[in-house]
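Coordinate-derived values only; no laboratory data. Computed from a predicted model, the values in this text were never measured in an experiment. All Cβ positions, glycine included, derive from the backbone under ideal geometry; neighbour counts span all protein chains shown.
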Amino acid sequence: MFAITCQGISKSYVNKKQTTKALRDINLEVNSSELFGLIGPDGAGKTSLMRILATLILADSGMATVDGSDVVSDFEMIRKKIGYMPGRFSLYQDLSVAENLEFYASVFNTTVKENYELIRDIYVQIEPFKNRRAGALSGGMKQKLALSCALIHRPKVLFLDEPTTGVDAVSRIEFWEMLKRLQEKGMTIFVSTPYMDEASLCDRIALIQNGRLLAVESPANIRSEFAGQLWSVRSKNMSRLMKDLKEWTVASSAFSFGDSIHLSIKGQGISAPDINHYLSVFGHQQIEAQQIEASVEDCFMQLMSNE
């Protein structure tokens, strides 16, 4: 049995001026005890899908299940066996760390003591501040408290909506290490993120853009399906470089990645001397061109261009 299934899920939002299609015919299956990532930029539809699966909003069409239960007819049952951490910090700011945790435990008819073993690795990092008001915590500490509250009733499926947005790099690494430990205990984790570098930390990922799934596969398989050659290119005049590379007839795309430009070439027939020769005609100097392996972000850009 799959931990999560989606069949033909669609969702639109209507206001006075326009209709926005947030999700378009989403079909998806997540295995039990899988760490599954929903990867895409802001506005791609990640939160809408997460909220439908967490029984917080209704889809316009299609059906979905969580742990074998229908998200519409069995919503009360689902809410008892999932943990949900929204993208925005939503705990009680005026309550202390300990009070928030005790409150959420009581909502699910359990106690902190009963399930402390499950949250120990996380909670031990904020326990020294257990009497501090939640609103006075740092971003990383708020994140750990929110995760502790989502776990305190020992859920079967954990939904995390962009949990590392706005969190420092060290806290992001610690957070993913915590998720791996939870997965090892048999928990299914469904996490959304706009950070492409976090995709490689998941067992499988779904790339989503404009409400459509572009690909659903393991990160390694998605990278292996990149079409054509990929080069990292730099020159002295980086602003001019982008324009000249985009206008090259053999180029399928050129995007800025950090301090270089990732150039996608149709087919396999280009070498570093070819790139140097082409750019030198336009007066470029200090040219550096290196063929590279595609990242998940490169694959996302290519799939998005194909769409």
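Can you give me the angle between helix 169-184 and the longest principal axis of the chain, using Cα atoms only, in degrees from 0 to 90, rounded to the nearest 10? Approximately 60 degrees, to the nearest 10. Cβ crowding within 10 Å ranks Trp231, Trp176 as Trp176, Trp231, fewest other Cβ atoms first. Considering only the Cα atoms of region 205-300, their convex hull presents on average a projected area of 6.5 nm².
With 10 angstrom as the radius, rank Ile270, Ile208, Ile287 by how many other C-beta atoms surround their C-beta, starting from the fewest.
Ile287, Ile270, Ile208
Given +1 on the Cβ of Lys and Arg, -1 on the Cβ of Asp and Glu, and no further charges, what dipole in debye does region 61-149 carry about its Cα centre, rounded to the nearest 20? Walk me through the numbers before you get to the answer.
On the way: 11 positive and 11 negative charges, 78 e Å.
Result for region 61-149 is approximately 380 debye, rounded to the nearest 20.
Order by neighbour count: Glu247, Glu217, fewest other Cβ atoms within 10 Å first, most last. Could the numbers behind the result be given before it?
Numbers: Glu247 10, Glu217 15.
Fewest-to-most ranking of Glu247, Glu217: Glu247, Glu217.
Shown here are the Rg and Dmax of the Cα trace of region 126-249, at 19.6, 64 Å.
Principal-axis analysis of the Cα atoms of the chain puts helix 97-107 at an angle of about 70° to the longest axis.
For the residue pairs Lys246/Lys266; Lys80/Lys113; Lys236/Lys266; Lys46/Lys246, the C-alpha atoms sit more than 23 angstrom apart in Lys236/Lys266; Lys46/Lys246. Kindly provide the trypsin sites (Lys or Arg not before Pro) of region 1-41 that DSSP labels as loop, not H, G, I, E or B, and whose Cβ sees at most 11 other Cβ atoms within 10 Å. Of the trypsin sites (Lys or Arg not before Pro), the ones in loops of region 1-41 whose Cβ has at most 11 other Cβ atoms within 10 Å are Lys16, Lys17. Which residue fluctuates the most in the chain, going by a Gaussian network model with Cα springs under 10 Å, if the choices are Met50, Met77, Met196? Of Met50, Met77, Met196, the most mobile in the Gaussian network model is Met77. Counting Cα-Cα pairs of the chain in 20 Å increments starting at 0 gives whole-percent bin shares of 30, 49, 20, 2.
Which angle from 0 to 90°, rounded to the nearest 10, does the C-alpha axis of helix 296-306 make with the longest principal axis of the chain? Orientation of helix 296-306: about 70 degrees from the principal axis.
Only beta bridges with both residues in the chain are counted; by DSSP, about 65 percent of them are antiparallel.
Can you give the helix-only mean residue ellipticity at 222 nm for the chain, where every DSSP H stretch with n ≥ 4 adds -39500 (n - 2.57) and the sum goes over all residues, rounded to the nearest 500 deg cm²/dmol? List each step's numbers first, then the result.
Numbers: 10 runs with 99 residues, N = 307.
The helix contribution divided over the chain gives -9500 deg cm²/dmol.
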